[in-house]
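This report refers to the structure that appears directly beneath it.
Rule-based calculations on the coordinates, nothing more; no lab input. Quantities reported herein were computed from a predicted structural model and do not represent experimental measurements. Virtual Cβ from ideal backbone geometry, glycine too; neighbours counted across all protein chains shown.
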Amino acid sequence: MHNWNIVGHEHSINILRRALAAQRVRHAYLFAGPEHIGKALLARRFAQTLLCTGGPDPHVAPLYPCNACLSCRKVMHGNHPDVHYISRPPDKQFILIEQVRALQSDSARKTLEGRRNIFIIEGMHEMNVQAANCLLKTLEEPEPDVVLLLTTTDPGLLLPTILSRVQQVPMHLLTTSQIKSALEQRWQVEPEEAALVAALAAGRMGWAVQAVEKDEMLEERQAQLETLVKLPAAGKVQRFEVAQRLSTEGDKIRGILELWLLWWRDSRELIWLC
Ligand SMILES: [Zn+2]
């Protein structure tokens, strides 16, 4: 059994384990799937495994992280000097070319502690074309020890030239029962609350974990669903008021619309909640 400490996603983990077993790790992987399902977490676990020194041969990456060696602990705490994180700055619309240039200068340097120089880029679909073209140079001629771990919600938004140079690792929504049992067993959530959170999580373990840690997320999601349920019977004025309010939600709007789409799809299962 693997010990990647991840709920579900066996298929995705197997793609990575096969590469590790054959000692044929590629220079770039793209973790693709819906929001909050654990793409960045799986990328971090893979980085941890690539740098782990607790396997049978400390010079070779094991098939799963030991979670105990100094290297594993540093990756888990986000302070390993050879694991670099890149994402869109909160005040910007895109991942910028300056960030990719910094990546390139870091990737040209020798690793400080580990055997790999790892770059985790979250939200590749948020990288502008200029920056993506710049990154292409690194994908075409990577330094031997460099591994790029990219995440995206939508591979269709990436340049075909980028897609052709990465190994795709598709990730899918979990089932409600997978999430429910994980919440009960790993997070010690009571069965009733676990059932409610699992139903509202719509397949996203990451969202479920955040929801049990923050009560307001659950309340917010229930309020969003209540708004949706009332809309079909509402008049034009009320509908425009809701549209107006949504337009001020910024980054949240995508999540709200996705939730509503899923709700319509799964309405027969979820209707009892509202
Ligand atoms: Zn380790």
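Numbers below:
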{"quantity": "Förster radius 25 Å - calculated FRET efficiency between Glu258 and Asp145 (Cβ-Cβ, nearest 0.05)", "calculated": "0.10"}
{"quantity": "Integer Hz, Karplus 6.51/-1.76/1.60 couplings in order for segment 243-256, x for Gly and Pro", "calculated": "4, 4, 5, 4, 5, 9, 7, x, 4, 5, 4, 4, x, 5"}
{"quantity": "Other-chain or far-sequence residues with amide H under 5 Å of Val146's (modelled H)", "calculated": "Asn117"}
{"quantity": "Pairs of lysine residues in the chain - Cα separation under 26 Å, sequence separation of 8 or more or cross-chain", "calculated": "16"}
{"quantity": "Euclidean distance between Cα centres, segment 148-180 to segment 61-108, Å", "calculated": "18 Å"}
{"quantity": "The chain: angle of helix 176-186 to the longest principal axis, Cα-based, in degrees nearest 10", "calculated": "70 degrees"}
{"quantity": "Degrees separating the helix 191-201 axis from the principal Cα axis of the chain, which is the longest one", "calculated": "80 degrees"}
{"quantity": "Computed [θ] at 222 nm, deg cm²/dmol, the chain (DSSP H ≥ 4; -39,500 (n - 2.57); rounded to nearest 500)", "calculated": "-15000 deg cm²/dmol"}
{"quantity": "Among 92-105, 60-73, 201-214, the order from most to least packed when residues are scored by Cβ within 10 Å on average", "calculated": "201-214, 60-73, 92-105"}
{"quantity": "Percent RCO, i.e. relative contact order, over the chain, from Cα pairs under 8 Å lying at least 6 residues apart", "calculated": "21 percent"}
{"quantity": "Integer Hz, Karplus 6.51/-1.76/1.60 couplings in order for segment 104-116, x for Gly and Pro", "calculated": "5, 6, 5, 6, 7, 7, 5, 5, 8, 10, x, 8, 10"}
{"quantity": "Most fluctuating residue given options Asp154, Asp106, Asp91, as computed from a GNM of the chain linking Cα atoms under 10 Å", "calculated": "Asp91"}
